[in-house]
Structure formats: structure tokens, C-alpha cells
Amino acid sequence: MYYIFRCDCGRVLYAKKGVATRKCTCGKTLKVKSRRILQKVDTIEDATYAVQQMQEKIYGESVFSTAAEMKDNKFLNQIDRKMKKL
């Protein structure tokens, strides 16, 4: 069984039943026992899916881009700004 809970920073995390602490990406170490459990799931797949769904509900859908796309977009944005100045 896995527990789904939130860090003080807002990130949704999961921990396996019996684990005492969990470290968030913000750097804070959380005591799982003292956190409010938002959801309980049976498998790791269900836990990752539940965390993903909660994160999307809180922060909106995340969109991932490749490095090449980011570079192209940055270059196009620079051109657009220069054209607006003219």
C-alpha cells in the first residue's frame, strides 16, 4: 500500500506504507506518519498516476518540450521582439 500526501511547499508525494520519512524535492524531510493522508492506493503504478493527476489539478497540465524545441522558440521570440521594435 502507498500513501499520497502533500508537502508544505504544495508538491504531492507518495510513500510506501511503513516508511518513516520522505524527502521532498524542495529539500524538506517529512514524517509520513504526521502528514494528512489524501489517498491510499495499492500499487506503485496507481501511486504515480494519483500523484500526477493531483499535481495537474493543482498546477495545471504540464507540457514538456525537447531542448531543440526550446532553442527554436527562444530564437523565434528574439526575432519577434526585434521586429516589434522596428
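Can you tell me which residue is nearest to residue 16 (Cα to Cα) among those in region 44-68 that are modelled with pLDDT of 60 or more and open to solvent by 90 Å² or more (accessible area, probe 1.4 Å)?
Let us first name the residues in region 44-68 that are modelled with pLDDT of 60 or more, namely 44-63, 66, 68.
Applying the additional criterion that residues be open to solvent by 90 Å² or more (accessible area, probe 1.4 Å) yields 45, 49, 52, 57, 59, 61, 63.
Values: 45: 12, 49: 15, 52: 16, 57: 23, 59: 24, 61: 26, 63: 28 Å.
Applying the filter and picking the extreme gives 45.
Restricting region 1-36 to residues that are open to solvent by 60 Å² or more (accessible area, probe 1.4 Å) and of a type in the set (A, V, I, L, M), which is nearest to residue 61 (Cα to Cα)?
1
Does region 43-51 contain at least one residue that is free of Cβ contacts under 8 Å to residues at least 24 places away in the same chain and either on the phi < 0 side of the Ramachandran plot or under 11 Å from the mean Cα position of the chain (by Cα) (or both)? Steps first, answer last, please.
Residues of region 43-51 that are free of Cβ contacts under 8 Å to residues at least 24 places away in the same chain, as a first pass: 45, 49.
Then drop every residue that is not either on the phi < 0 side of the Ramachandran plot or under 11 Å from the mean Cα position of the chain (by Cα) (or both), which leaves 45, 49.
Yes: one or more hits.
The values are calculated or read from the model by the stated rules, or taken from the named source; none is laboratory data. Fair warning: this is a prediction, and the values are worked out from it, not measured in the lab. Every residue, glycine among them, receives a Cβ derived from its backbone with ideal geometry; neighbour counts consider all protein chains shown. The protein model used for the area step is the full one, side chains on, heavy atoms only, and it has no ligands, DNA or RNA in it. Shrake-Rupley method; radii C 1.70, N 1.55, O 1.52, S 1.80 Å.
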